[in-house]
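Colleague: Have a look at the structure that comes next, please.
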Ligand code: SF4
Ligand code: SF4
């Protein structure tokens, strides 16, 4: 808990857009800010706020609390759609007073493991359109959130955003979450013209929030019979949660966006192709049969008409 006496910060979506300063910042821009227990507003920002959790946030916090994914999700989170997408995720479940369950008068009780959102505040990061899809860090930009109750802006400490990122452990968080964030940004850039199917949403939710369940799924016979995963990867993801999390990002990229990160076995592909061909052949056969029946019926009617005409 040593950090409870040094820093505590939180990034939150500003309810009022005027809290976002109009300047676009880079990693080299200066940030005049310091948060510490001596500020009059200490812990004021740990309530009435949406704290979305990334897969790495969930893993890091539940490990620190010694909880299974299930227990952590049930006790501390609320399901929610990630901002402006149809991708389901979770945010921290606030208590009856609207406070984060991890805050005390002394500060954040999970400070070394705090969510990425909390590490960023009062800085926000976004991407120029399309940059996230290519995974290009060069196109990122930053902005400052300046809320009147936050007295950290009155402090004299000055550092660049690059230094702020290091100081708050944002570099490590972002590195861990990178591929997952790219999926969310990619989905966001598609808009909601095409919605994710319910099974795809369920898969995204499971892989993003519950690595215990995802591991059971990956080691099920149907998964192993379908996907081409080498022994080395299987050995890694059997025990190592971070390796499994990174594998889950690749799997989601494959299933949601058709990226060839996790391959389907050749024989399964062939079986699927054969099945589709078979179905196509069957429907062509049905169509041909229907056509022949209709043609026969038409011929029969025509012959009846011509016989009647001859009798007259
Ligand atoms: S996790 Fe910690 S820093 Fe974040 S809102 Fe809760 S108490 Fe505050
Ligand atoms: S409101 Fe600002 S200065 Fe106050 S505790 Fe939160 S981040 Fe720190």
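Colleague: Once you put a point 7 Å from the Cα of residue 288 and another 7 Å from the Cα of residue 66, both along the Cβ direction, what distance in nm separates them?
Modeller: Between residue 288 and residue 66, the label points sit 7.0 nm apart.
Colleague: On to the next question. Tell me, 310, 146, 246 in order of fewest to most beta-carbon neighbours within 10 Å?
Modeller: Least to most surrounded, the residues fall as 310, 146, 246.
Colleague: So how much slack lies between residue 178 and residue 26, counting 0.36 nm per residue of separation and subtracting their Cα-Cα distance, in nm?
Modeller: Numbers: separation 152, 0.36 × 152 = 54.72 nm, distance 1.83 nm.
Fully extending the segment from residue 178 to residue 26 adds 52.9 nm.
Colleague: In what order do 182, 232, 155 fall by count of nearby beta-carbon atoms within 10 Å, going from fewest to most?
Modeller: 232, 155, 182
Colleague: Then there's this: Let's test the formula: R0 of 51 Å, r as the Cβ-Cβ distance of residue 106 and residue 264. What FRET efficiency results, to the nearest 0.05?
Modeller: Working: r = 52 Å, r/R0 = 1.02.
Approximately 0.45, to the nearest 0.05.
Colleague: Report the full-extension gain for the segment residue 162 to residue 228: residue separation times 0.36 nm, less the Cα-Cα distance, to one decimal in nm.
Modeller: Numbers: separation 66, 0.36 × 66 = 23.76 nm, distance 3.99 nm.
That pair, residue 162 and residue 228, stretches by 19.8 nm at full extension.
Colleague: On a 0 to 90 degree scale, rounded to 10, what angle separates helix 241-257 from the longest Cα axis of the chain?
Modeller: That works out to roughly 40 degrees.
Colleague: Expressed as a rounded percentage, what relative contact order does the stretch 176-249 have, with Cα pairs under 8 Å and six or more residues apart? If you can, show how the numbers build up before the last one.
Modeller: Details: 28 pairs, mean separation 27.2, N = 74.
Relative contact order here is 37 percent.
Colleague: While we're on this one: Full-extension gain between residue 216 and residue 86, please, as 0.36 nm times their residue separation minus the C-alpha to C-alpha distance. Numbers along the way, then the final one.
Modeller: Values: separation 130, 0.36 × 130 = 46.80 nm, distance 2.50 nm.
Value of the extension gain: 44.3 nm.
Colleague: Using helices alone, what [θ] at 222 nm do you get for the chain, with -39,500 (n - 2.57) per DSSP H run of 4 or more residues, divided over all residues and rounded to the nearest 500? Please list the in-between numbers first.
Modeller: On the way: 12 runs with 154 residues, N = 312.
It lands at -15500 deg cm²/dmol.
Colleague: Would you work out the relative contact order for the chain, in percent, from Cα pairs under 8 angstrom that are 6 or more residues apart?
Modeller: Details: 390 pairs, mean separation 67.3, N = 312.
Here the relative contact order equals 22 percent.
All of the numbers you see were taken from the coordinates with simple rules; none came from a lab. The structure displayed is predicted, hence computed values, not measured ones. Positions of Cβ are generated from backbone atoms using ideal geometry, with glycine treated the same way; all protein chains shown enter the neighbour counts.
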